[in-house]
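J.: Quick one: structure below, then a few questions.
The values are calculated or read from the model by the stated rules, or taken from the named source; none is laboratory data. No experiment lies behind these values; they were computed from the predicted model shown. Cβ coordinates were reconstructed from backbone atoms using ideal geometry, including for glycine residues, and neighbour counts include every protein chain displayed.
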Amino acid sequence: MIPKHSAEFSVHLHHLGPDGLARPGVMFDFFQDAASQQTSPLKLSIRHLIERGLTWVVVRYRVRILRYPQWQERIRVTTWRSATHGQRVPREFMVTDTDGRKIALGQGIFMLLDYATRHPVSPEVPLADFPIVDETVFEDDFERLPPVSTPWVPDVNVAVRRDDLDLNHHVNNPRYIAFALESIPDDFRQTHQVKQIEAIFKASIGYGDTLTSRIEKQADEMPTFIHQLTGNCDGHEFCRLLTRWQGIR
């Protein structure tokens, strides 16, 4: 197995937002597809693992977007497994254009779970043949994300649709990003682009759940926000995120 895997994708119409560029969550979709292509030959894709009573879950994700790809643009996603820390399996992502220039950098922290019990499983034996590359795309660690204490704008309620679910029968992680961004006022989004996203996934969201999307503005050189997704009824926290934005020139 080649330690690094590269996959090419085209940006289609359904990937675009109102500004004519790829939506922020599309990067995470491309990351998932590239990772699945690499793990399939070892029967470590999520579909193969479910057949063995296991599954992948992502516990942390981050992306830094240098520029957004346009309609019909071809991009290349290169991904590899970096050094494991206990039960956590990091995966790196580098996105480039056809000239080899970087578009985005990403990193995910994954865990193997028993599909039935949802308890963590040691990756040592299942991933014995999965090579490790001692290289990361980020030099810094994930940031500490405090809870929202002083909301910037009124909370937004989001209903989970069946179309938001994945093979685990839970909401797919790019949808968490979309739910969180719903709390950003539209006039702000029309004049800014999100350049950095960091997420901590704390619990699974299921079909029929109704969420509260909250946001707090942080003191920073760039417009920066802390987001929380919680249950509308019981306040149970599902996800916490940080986003950094840049004004559109």
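J.: For region 40-81, how many residues meet the condition of being at pLDDT below 95 and of a type outside the set (A, V, I, L, M)?
T.: Total satisfying the criteria: 11.
J.: Being β-branched (Val, Ile, Thr), in a strand (DSSP E or B) and within 13 Å of the chain's Cα centre (by Cα) is the filter here; which residues of region 162-201 pass it? Explain how you work it out, then say what you get.
T.: Of region 162-201, the ones β-branched (Val, Ile, Thr) are 171, 177, 184, 191, 194, 197, 200.
From the residues that got through so far, the ones that are in a strand (DSSP E or B) too are 171, 194, 197, 200.
Answer for region 162-201, where residues must be β-branched (Val, Ile, Thr), in a strand (DSSP E or B) and within 13 Å of the chain's Cα centre (by Cα): VAL171, ILE197, ILE200.
J.: Continuing with this model, one more query. How many residues are farther than 29 Å from ASP114 by Cβ, among the charged types (D, E, K, R) and in contact (Cβ under 8 Å) with a residue 40 or more places away in the chain when one looks only at region 44-78?
T.: Counting residues in region 44-78 that are farther than 29 Å from ASP114 by Cβ, among the charged types (D, E, K, R) and in contact (Cβ under 8 Å) with a residue 40 or more places away in the chain gives 4.
J.: Taking the condition of being charged (D, E, K, R) and in contact (Cβ under 8 Å) with a residue 60 or more places away in the chain, how many residues in region 218-236 meet it? Don't jump to the end; show me each part of the working.
T.: The first filter runs over region 218-236 and keeps only residues charged (D, E, K, R), leaving 220-221, 234.
Narrowing further to those that are in contact (Cβ under 8 Å) with a residue 60 or more places away in the chain: none.
Qualifying residue count, region 218-236: 0.
J.: Of the numbered conditions (1) in a strand (DSSP E or B); (2) exposed (fewer than 13 other Cβ atoms within 10 Å of the Cβ), ASP99 satisfies every one except a single condition; which is it?
T.: Of everything listed in (1) in a strand (DSSP E or B); (2) exposed (fewer than 13 other Cβ atoms within 10 Å of the Cβ), ASP99 misses just condition (1).
J.: Mind counting the residues in region 133-151 that are closer than 25 Å to PRO3 by Cβ and at pLDDT 95 or above? Spell out how you get there, then give the answer.
T.: First, the residues of region 133-151 that are closer than 25 Å to PRO3 by Cβ: 133-142.
Applying the additional criterion that residues be at pLDDT 95 or above yields 133, 135-138.
Of the residues in that region, 5 qualify.
J.: Still on this structure: Taking the stated definitions as given, is ARG101 touching a strand residue (DSSP E or B) at 6+ places or on another chain (Cβ under 9 Å) and not polar (S, T, N, Q)? Lay out the reasoning, then the answer.
T.: On the way: touching a strand residue (DSSP E or B) at 6+ places or on another chain (Cβ under 9 Å): no; not polar (S, T, N, Q): yes.
Here the answer is no, as ARG101 does not meet what is asked.
J.: Also, I was wondering about something else. Being small (Gly, Ala, Ser), in contact with a Pro (Cβ under 8 Å, 6 or more places away or on another chain) and within 29 Å of ARG144 (Cα to Cα), is that true of even one residue in region 19-40?
T.: Going through region 19-40, the residues small (Gly, Ala, Ser) turn out to be 20, 22, 25, 34-36, 40.
Now restrict to residues that are in contact with a Pro (Cβ under 8 Å, 6 or more places away or on another chain): 22, 25.
Remaining after also requiring within 29 Å of ARG144 (Cα to Cα): 22, 25.
Checked region 19-40: at least one residue is small (Gly, Ala, Ser), in contact with a Pro (Cβ under 8 Å, 6 or more places away or on another chain) and within 29 Å of ARG144 (Cα to Cα).
J.: Sticking with this structure for a sec: Look through region 134-190, keep the residues that are of a type in the set (Val, Ile, Thr) and over 30 Å from THR79 (Cβ atoms), and return whichever of them is surrounded by the most Cβ atoms within 10 Å (Cβ to Cβ).
T.: Going residue by residue through region 134-190, those that are of a type in the set (Val, Ile, Thr) are 136-137, 148, 150, 153, 156, 158, 160, 171, 177, 184.
Applying the additional criterion that residues be over 30 Å from THR79 (Cβ atoms) yields 148, 150, 153, 156.
Working: VAL148: 19, THR150: 7, VAL153: 14, VAL156: 17.
Filtering region 134-190 for residues that are of a type in the set (Val, Ile, Thr) and over 30 Å from THR79 (Cβ atoms), the one surrounded by the most Cβ atoms within 10 Å (Cβ to Cβ) comes out as VAL148.
J.: Starting from region 159-181, keep only residues that are in contact (Cβ under 8 Å) with a residue 12 or more places away in the chain, then list their pairs with residues that are outside any loop (DSSP other than H, G, I, E, B) and of a type in the set (S, T, N, Q) whose Cβ atoms are within a distance under 6 Å, requiring at least 6 positions of separation or different chains.
T.: As it stands, the answer is ALA159/THR210; ASN168/THR55; PHE179/SER213; ALA180/SER213, since those pairs meet every condition given.
J.: Somewhere in region 206-217, is a residue at negative phi, out of contact with any helix residue (DSSP H, G or I) (no Cβ under 7 Å at 6 or more places or on another chain), of a type outside the set (Phe, Trp, Tyr) and free of Cβ contacts under 8 Å to residues at least 40 places away in the same chain? Talk me through it step by step, then tell me what you get.
T.: Taking region 206-217 as the starting set, the residues that turn out to be at negative phi are 206-207, 209-217.
With the extra rule that they be out of contact with any helix residue (DSSP H, G or I) (no Cβ under 7 Å at 6 or more places or on another chain), the set shrinks to 206, 209-210, 212, 214-217.
Now drop any that are not of a type outside the set (Phe, Trp, Tyr), which leaves 206, 209-210, 212, 214-217.
Next cut, free of Cβ contacts under 8 Å to residues at least 40 places away in the same chain only: none.
No, because not a single residue in region 206-217 is at negative phi, out of contact with any helix residue (DSSP H, G or I) (no Cβ under 7 Å at 6 or more places or on another chain), of a type outside the set (Phe, Trp, Tyr) and free of Cβ contacts under 8 Å to residues at least 40 places away in the same chain.
J.: Regarding region 40-54, can at least one residue be identified that is more than 21 Å from MET1 (Cβ to Cβ) and among the basic types (Lys, Arg)?
T.: no
J.: Taking region 87-104 only, how many residues are among the basic types (Lys, Arg) and more than 20 Å from VAL26 (Cβ to Cβ)?
T.: Initially, region 87-104 is screened for residues among the basic types (Lys, Arg), giving 88, 91, 101-102.
This time we only want the ones that are more than 20 Å from VAL26 (Cβ to Cβ), so: 88.
Residues in region 87-104 being among the basic types (Lys, Arg) and more than 20 Å from VAL26 (Cβ to Cβ): 1 in total.
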